[in-house]
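Working notes, structure below.
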Amino acid sequence: FAPPAFMPPTFSRCIDQDTLIAIIEDDAIAYKTAKEIVIGDKIWAVTWDEIVDEFILDPYKWISDSVSNIRRVESSITNIIPSKKDVTLIINGDPGKRFSLEQTVLVKRNNKYFFATTGTLEIGDTLVERKEDDSFVEILVSEITMVDEERAVYEFDASPTDTLIAGNLVVHNSKRF
């Protein structure tokens, strides 16, 4: 098994302006839209036992049979790159799960977990979502809607962990070294 080949390193991985990002407020979870996030914001990121630090292994080469002990960790926004996209997509008809076609998400396909760009998602893929009780569950991709309109989108760099919670999904943005 190999993840999809389309992992465009030169495109920005972007979260739609109105997609909610999980932030830290009084040590609890709160949300801000992507357009409201500023450098220095404390956010909730996600880690798990099988993930390898991206200083050691390119996240796009990471593949695992499992994702265990998934949990929230603190991180901080260190850089924001705004841009415009003419096409975005909405997952499962939920406008809160809107991303550029190049946003990287944690996917399970053929019983393997890996990072894939949203433009390569397929109906039947599974994504990892955070629920209000702070558990993480797998959700089936049942619908992918392309939206042809110009939107502001944002790429976030976070430290020490770049696996953010956006639209309650586990997403990843590569570190800018």
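Quick notes on this structure:
- Listed by position, the strands (runs of 3 or more DSSP E) inside the range 21-130 whose residues that are closer than 24 Å to MET146 by Cα number at least 1 are 28-33, 71-91, 94-100, 104-109, 112-117, 126-130.
- When LEU140 is tested against (1) touching a Phe, Trp or Tyr at 6+ places or on another chain (Cβ under 8 Å); (2) open to solvent by 60 Å² or more (accessible area, probe 1.4 Å), just one condition goes unmet, and that condition is (1).
- Search result, residues across the range 99-127 that are open to solvent by 30 Å² or more (accessible area, probe 1.4 Å), within 13 Å of VAL170 (Cβ to Cβ) and small (Gly, Ala, Ser): none
- The range 131-174, residues that are among the polar types (S, T, N, Q), within 12 Å of the chain's Cα centre (by Cα) and assigned to a strand (DSSP E or B): THR163
- Of all the numbered requirements in (1) open to solvent by 60 Å² or more (accessible area, probe 1.4 Å); (2) at pLDDT below 65; (3) among the hydrophobic types (A, V, I, L, M, F, W, C), LEU20 misses one, and that requirement is (2).
- Residues satisfying the stated conditions in the range 81-98, i.e. β-branched (Val, Ile, Thr), touching a Leu at 6+ places or on another chain (Cβ under 8 Å) and open to solvent by 30 Å² or more (accessible area, probe 1.4 Å): VAL87
- Per-region count, the range 48-80, residues open to solvent by 70 Å² or more (accessible area, probe 1.4 Å), at pLDDT 90 or above and β-branched (Val, Ile, Thr): 0
- Selection of the range 81-126 for residues being of a type in the set (Gly, Ala, Ser) and at positive phi yields GLY93, GLY124.
- Residue in the range 143-158 that is nearest to ALA45 (Cα to Cα), counting only those that are open to solvent by less than 60 Å² (accessible area, probe 1.4 Å) and of a type outside the set (Val, Ile, Thr): ALA158
The values are calculated or read from the model by the stated rules, or taken from the named source; none is laboratory data. Every value quoted in this text rests on a predicted model; they were computed, and no experiment measured them. All Cβ positions, even for glycine, are placed from backbone atoms using ideal geometry, and neighbour counts span all protein chains on display. What goes into the accessible areas is simple: the full protein's heavy atoms, side chains included, and nothing from ligands, DNA or RNA. Shrake-Rupley method; radii C 1.70, N 1.55, O 1.52, S 1.80 Å.
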